[in-house]
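Student: Take a look at the following structure, please.
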């Protein structure tokens, strides 16, 4: 059995909403990856509305924040490294251009160039959020970008071409049709390869209710065909919402960023993002 434990390193980003839902006084889901002698990351900026923005963040080598800029509409971005550069995946719920309701755009952002790629998904329309969800987990294998869409009851994975924005199912589509379902065990960080254990791993979140999210370990086999889901992992916060967002390797150690919200999202509260060292072991 593969297990994970977390050691809190530092809180590096926090935002407090005081009163009315005012834009730009509130940034949630901050998460980073290293690039050169800095850290690049993203957060969701806004007032929990359809106009929320993805904000690109820059930090120095000690994770001190020094700049941020809004780049595109979107929610709950996850930062990851692809071909040596920091990127982020986000989803953008927008009013439908025809009729009532919303459409949902999935976007990948290059945090260096600022380029935004809108993805198209094989066999699914822009209104398919009820089965595709928003907690996509990036996975890079042999310079190919994949997204793990669900991990239970069926592992469902997309393979994406960022040049065209086209995403096709890596998982056989017959399995996708029967297995796509949003459960309490949802996505979180990217998956990265663990050489000693010969598999990909990441941290997801379990949504017990809007006041209680817990981190857990998930593992995907090298051939992207099978997966394992572990139990909840304690963090430095005994309660509230804990959402793992990014995962990276630095100096041969694994680190992740987790956003902590003490009470229900949208209320007056302080949101903190924390850096943890991740230890993976097998017993």
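Student: Out of 46, 41, 74, report the one residue that is more than 17 Å from the chain's Cα centre (by Cα), surrounded by 15 or more Cβ atoms within 10 Å (Cβ to Cβ) and within 21 Å of residue 273 (Cβ to Cβ).
Tutor: Just one listed residue meets the conditions, 46.
Student: Among the residues of the stretch 179-201, count how many are in contact with a helix residue (DSSP H, G or I) (Cβ under 9 Å, 6 or more places away or on another chain) and surrounded by fewer than 19 Cβ atoms within 10 Å (Cβ to Cβ). So that I can check it myself, show each step before the final result.
Tutor: Let us first name the residues in the stretch 179-201 that are in contact with a helix residue (DSSP H, G or I) (Cβ under 9 Å, 6 or more places away or on another chain), namely 180-182.
Remaining after also requiring surrounded by fewer than 19 Cβ atoms within 10 Å (Cβ to Cβ): 181-182.
Of the residues in the stretch 179-201, 2 are in contact with a helix residue (DSSP H, G or I) (Cβ under 9 Å, 6 or more places away or on another chain) and surrounded by fewer than 19 Cβ atoms within 10 Å (Cβ to Cβ).
Student: Any residue at all in the stretch 94-109 that is modelled with pLDDT under 95 and under 21 Å from residue 248 (Cβ atoms)?
Tutor: no
Student: Given (1) touching a strand residue (DSSP E or B) at 6+ places or on another chain (Cβ under 9 Å); (2) at pLDDT below 95; (3) under 24 Å from residue 185 (Cβ atoms), where does residue 160 come up short, assuming only one miss?
Tutor: For residue 160, the failing item is (2).
Student: Name every residue in the stretch 161-173 that is part of a loop (DSSP other than H, G, I, E, B) and at negative phi, in order of residue number. If you could, list the steps in order and put the result at the bottom.
Tutor: Going residue by residue through the stretch 161-173, those that are part of a loop (DSSP other than H, G, I, E, B) are 162-165, 170-172.
Result: 162, 163, 164, 170, 171, 172.
Student: Between 148, 140, 176, which is in a helix (DSSP H, G or I) and either within 16 Å of the chain's Cα centre (by Cα) or buried (at least 20 other Cβ atoms within 10 Å of the Cβ) (or both)?
Tutor: 176
Student: Please go through the stretch 113-123 and give me each residue that is surrounded by 14 or more Cβ atoms within 10 Å (Cβ to Cβ) and in a loop (DSSP other than H, G, I, E, B), ordered by number.
Tutor: 119, the sole residue that qualifies.
Student: Is it fair to say residue 214 is under 19 Å from the mean Cα position of the chain (by Cα), assigned to a strand (DSSP E or B) and over 24 Å from residue 82 (Cα atoms)?
Tutor: yes
Student: Please tell me if residue 237 is in a loop (DSSP other than H, G, I, E, B) and surrounded by 15 or more Cβ atoms within 10 Å (Cβ to Cβ).
Tutor: When the stated conditions are applied, residue 237 passes them.
Student: Are any of the residues in the stretch 215-226 surrounded by fewer than 16 Cβ atoms within 10 Å (Cβ to Cβ) and in contact (Cβ under 8 Å) with a residue 60 or more places away in the chain? It would help to see each step written out before you state the result.
Tutor: Of the residues in the stretch 215-226, the ones surrounded by fewer than 16 Cβ atoms within 10 Å (Cβ to Cβ) are 221-223, 225-226.
The next check asks that each one be in contact (Cβ under 8 Å) with a residue 60 or more places away in the chain; those that pass are 225-226.
Yes.
Student: Same structure again: Do you know which residues across the stretch 192-211 are over 17 Å from residue 282 (Cβ atoms) and either touching a strand residue (DSSP E or B) at 6+ places or on another chain (Cβ under 6 Å) or in a strand (DSSP E or B) (or both)?
Tutor: Once the filter is applied, which keeps residues that are over 17 Å from residue 282 (Cβ atoms) and either touching a strand residue (DSSP E or B) at 6+ places or on another chain (Cβ under 6 Å) or in a strand (DSSP E or B) (or both), the stretch 192-211 yields 204, 205, 206, 207, 208, 209.
The values are calculated or read from the model by the stated rules, or taken from the named source; none is laboratory data. Quick caveat, the model's predicted, so the values are computed rather than measured. FYI the Cβ positions are ideal-geometry reconstructions off the backbone, even for glycines, and counts take in every protein chain you see.
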